[in-house]
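Chemist: If you scroll down you'll find the structure; I have some questions about it.
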Amino acid sequence: MISTQGLSKRFGYRWVLKDVDLDAQAGEIVALLGPNGAGKSTLLRILATLSKPTLGECQIAGFSLPQQAAAARARIGFLAHQPLLYEDLSAEQNLAFYARLYRIKRPAARVTELLRLFDLHLRRQEPVRIFSRGMQQRLALARVLLHNPRVLLLDEPHSGLDRAALDVLDSLLRKLAKKGTTILFATHDLHRAQSLARKVYVLAEGRLVAPSDGRRRIPGSFSGVYSRALRAAQKGA
Amino acid sequence: MASETVSKKPSFLAALNYLSLALMLAATWMVFFYAPREAVMGEVQRVFYFHVSAGWVGMVAFIAAAVAGIIYLVRPDKKWDVFSVAAVEIGLVYSLVNIVTGSIWARPTWNTWWTWDPRLVTASVMELTFLAYLLLRQSIEDPERRARFGAIYSILGSLTVPLTYMSIRIWRTIHPVVIGSGDPGAKGNFAMTQPMVFTLLFSLLAFTVFGVTLLWHRVRLGWLTERVEQLRLKVMGM
Amino acid sequence: MRLKRGLSLAQYLATVFAILRKDLAVEWRSRQLLAAMLIFTLLVILIFNFALELDARVRSEVSAGVLWATFAFAGTLGLNRSMAVEKEGKALDGLLLAPVDRSAVYFGKAFANLFFMLVVAVLILPMYAILYNVNLWHSGFLLVVLLGSWGYSAIGTLLATMAIQARSRELLLPVLLFPLLIPVFVTAVRASSFFLQGLELTYIWPSLNLLIAYGLIMPALGYMFFDFIVEE
């Protein structure tokens, strides 16, 4: 469902991604670990068709980027750092607007369903501006799921959420994966990655440093591997 | 990557340097000693040759920048961006020469340095547009985006070029149209004699060659800047 | 550019309309832009009043110029605000993620900007007419207002999208916009004042033609270039 070969991205004269080979099957939850500035967001933005790779190939939901970006967009749900919402509009208006852009059938029902799921239904008429960080994040997640994407790209989906919301999100992600959704999420929380993902990639300084774990469970001593990989990356660069 | 040809000055360019110098000197000589004194306006009419030539090179440079911009959008290659910005800078300088020489001529002929005539307005709008182009470039960090936006703005801006060219031909104006027929109300019109035509053509040639030489140097400078930036980052280990 | 792939015209228009509707909803809920544009417009007219000492003899000749200068300044407020809405919360990225033709986003924004300019015009013209006792109720003049505002919004939306992605963006927009706007501005002033002076249509046609041409060329360029401006 997601696969990249030699994906590289240069901003100006600086390579922020270098030779990234990544692979995620349908129904798989994959974590992308790495410290701040490692290139996680850039990688997700490229996969989400917002940015174009400088070099390399990438396929997502059966489309190759960037040539078939327009077609791929209908299958991708991307959660960015910012909520990508209109602060002056209400929660409901925001979702209704995006539902129109994604040409969702029976939009009102779908919007209500998601508002309920993320426990925003009671405050659906309030402008996003006055929402807390966690509520904005929940609404952003609702926007991402609106069109039932086959591929989910989530940039730190857990940030800002409280315990209850975290549990809702994790069980939701597991359920979606069971139905065949491919999920790639970026985080710098090792434990979260371990508990949720079947496969972990570590990105440091724009390179994948830890080999993918294949189909095996992540070993308990992964944190050791992680920190060693980071050190190696820093030395290598 | 900057190509290796950048580091060494091509001998053809060296030759162009001397050719430009020779042509410009010859053109200057022709303007002052070969071209006859215009009966009505007197010596100041001699500014006409360089005025027209500078305007010509300026406009061609802006159009060239826009063409490079189109090519860049179709096939994003750094070299077209470097060319485009070089052409805009050359165009700005030549257009400024054009405006200043025009002003010098207008003082005795129209009795004022400046007047809000359609030609003067469109010419200054053209100049301002491409100054805005430089400002736009300056305020964008990412080189690729800078190149893309520059390309688009140079294409939009190039619309002012035909407007400037046509302004004396479509609107009522006091600016003379020496080549072709203009508004009968134009002030300072004259018929060119044979030597005048020769002088004009020769200065057009001289200015064009000089412009191409400058452009080439400016493009090389752009490449070298690029190269320095790359080396700097290499040294800094990025 | 991306009209292929079975995206029908109806879907395209639905997207344009969705964007337009969203911009109107944002404005309806925040009510910031129109209020600011209106007050600003009145202030500019006030300034012109003292700067030009608009008396009965002068104002019949300069009304068109004063009005268009006012629109041009107020318009940049609208353009900046319209793009600021997309920039906060990075909502523009949300639009780019959607499976819609990006030029439809451009047209949606351009129509929204046109709408705001026309609302300002609808409110300001009667006021100006009363304050200065000039008759602006002339169908030809109103047509010029419509055409001029459209040309303005078409090029303005494109350049505002560019400016928003640069440093010092509010500063940059007028600098980028006004040189390219001068042709439409000069023509609109000319056509307006011809209409207000009651000249024969044969004198006005060339100006109208120019306005129409501008109103066709600029959206065409926007259609072609918008994708290049928003991509990363």
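Chemist: Do we have any residue at all in the range C:54-76 that's under 28 Å from C:Val100 (Cα atoms), surrounded by 18 or more Cβ atoms within 10 Å (Cβ to Cβ) and modelled with pLDDT of 90 or more?
Modeler: yes
Chemist: Any idea which of B:Thr173, B:Thr129, B:Thr109 is within 11 Å of chain C (Cβ to nearest Cβ) and within 30 Å of C:Arg190 (Cα to Cα)?
Modeler: It is B:Thr129.
Chemist: Which of the residues that make up the range B:184-196 are of a type in the set (A, V, I, L, M, F, W, C) and surrounded by 13 or more Cβ atoms within 10 Å (Cβ to Cβ)?
Modeler: Within the range B:184-196, B:Ala186, B:Phe190, B:Met192, B:Met196 meet the criteria.
Chemist: Here's a follow-up. When the residues of the range B:208-230 are narrowed to those that are of a type in the set (S, T, N, Q) and surrounded by fewer than 18 Cβ atoms within 10 Å (Cβ to Cβ), which ends up modelled with the lowest pLDDT?
Modeler: Out of the qualifying residues, it is B:Gln230.
Chemist: Looking at A:Arg123, A:Arg129, which is the one that is more than 20 Å from C:Val100 (Cβ to Cβ), within 14 Å of chain C (Cβ to nearest Cβ), among the basic types (Lys, Arg) and surrounded by fewer than 19 Cβ atoms within 10 Å (Cβ to Cβ)?
Modeler: Residue meeting the stated conditions: A:Arg129.
Chemist: Oh, and also: Exactly one of these conditions fails for B:Ser154: (1) closer than 25 Å to B:Gly222 by Cα; (2) assigned to a loop (DSSP other than H, G, I, E, B); (3) among the polar types (S, T, N, Q). Give me its number.
Modeler: The number of the failed condition is (2).
Chemist: Please list, ordered by residue number, the strands (runs of 3 or more DSSP E) wholly in the range A:1-105 having 2 or more residues that are more than 9 Å from chain C (Cβ to nearest Cβ) and over 14 Å from the mean Cα position of the chain (by Cα).
Modeler: Strands (runs of 3 or more DSSP E) meeting the threshold: A:2-11, A:14-24, A:55-60, A:63-65.
A quick yes/no check of all residues on (1) within 11 Å of another protein chain (Cβ to nearest Cβ); (2) closer than 30 Å to A:Leu44 by Cα; (3) without any contact (Cβ under 8 Å) to a residue 24 or more places away in the chain:
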position	(1), (2), (3)
C:Tyr203	no, no, yes
C:Ile212	no, no, no
C:Gly215	no, no, no
C:Pro219	no, no, no
C:Gly222	yes, yes, no
C:Phe225	yes, yes, no
C:Val230	yes, yes, no
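Chemist: If you don't mind, another one. Return the pairs, sorted by first residue and then second, in which the second residue is hydroxyl-bearing (Ser, Thr, Tyr), the first residue lies in the range B:212-238 and is more than 9 Å from every other protein chain (Cβ to nearest Cβ), the beta carbons are less than 7 Å apart, and the residues are 6+ apart or on different chains.
Modeler: B:Thr213/B:Ser20
Chemist: Checking the structure you have, find out if any residue of the range C:187-200 is crowded, with 17+ Cβ neighbours inside 10 Å and among the charged types (D, E, K, R).
Modeler: Checked the range C:187-200: at least one residue is crowded, with 17+ Cβ neighbours inside 10 Å and among the charged types (D, E, K, R).
Chemist: While we're on this one: Of (1) assigned to a helix (DSSP H, G or I); (2) farther than 28 Å from B:Arg145 by Cβ, B:Gly58 satisfies all except one. Which?
Modeler: The failed condition is (2).
Conditions (1) away from chain A (no Cβ under 14 Å); (2) crowded, with 23+ Cβ neighbours inside 10 Å; (3) in contact with a strand residue (DSSP E or B) (Cβ under 7 Å, 6 or more places away or on another chain); (4) among the polar types (S, T, N, Q), marked per residue:
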position: C:Pro99; (1), (2), (3), (4): no, no, no, no
position: C:Leu118; (1), (2), (3), (4): yes, no, no, no
position: C:Leu125; (1), (2), (3), (4): yes, no, no, no
position: C:Asn135; (1), (2), (3), (4): yes, no, no, yes
position: C:Val144; (1), (2), (3), (4): yes, yes, no, no
position: C:Ala154; (1), (2), (3), (4): yes, yes, no, no
position: C:Leu158; (1), (2), (3), (4): yes, yes, no, no
position: C:Ser168; (1), (2), (3), (4): yes, no, no, yes
position: C:Leu171; (1), (2), (3), (4): yes, no, no, no
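Chemist: Checking C:Tyr203 against (1) in a helix (DSSP H, G or I); (2) buried (at least 19 other Cβ atoms within 10 Å of the Cβ): exactly one of these is not met. Which one?
Modeler: (2)
The values are calculated or read from the model by the stated rules, or taken from the named source; none is laboratory data. All figures in this text were calculated on a predicted structure; none of them were measured in a lab. Every residue, glycine among them, receives a Cβ derived from its backbone with ideal geometry; neighbour counts consider all protein chains shown.
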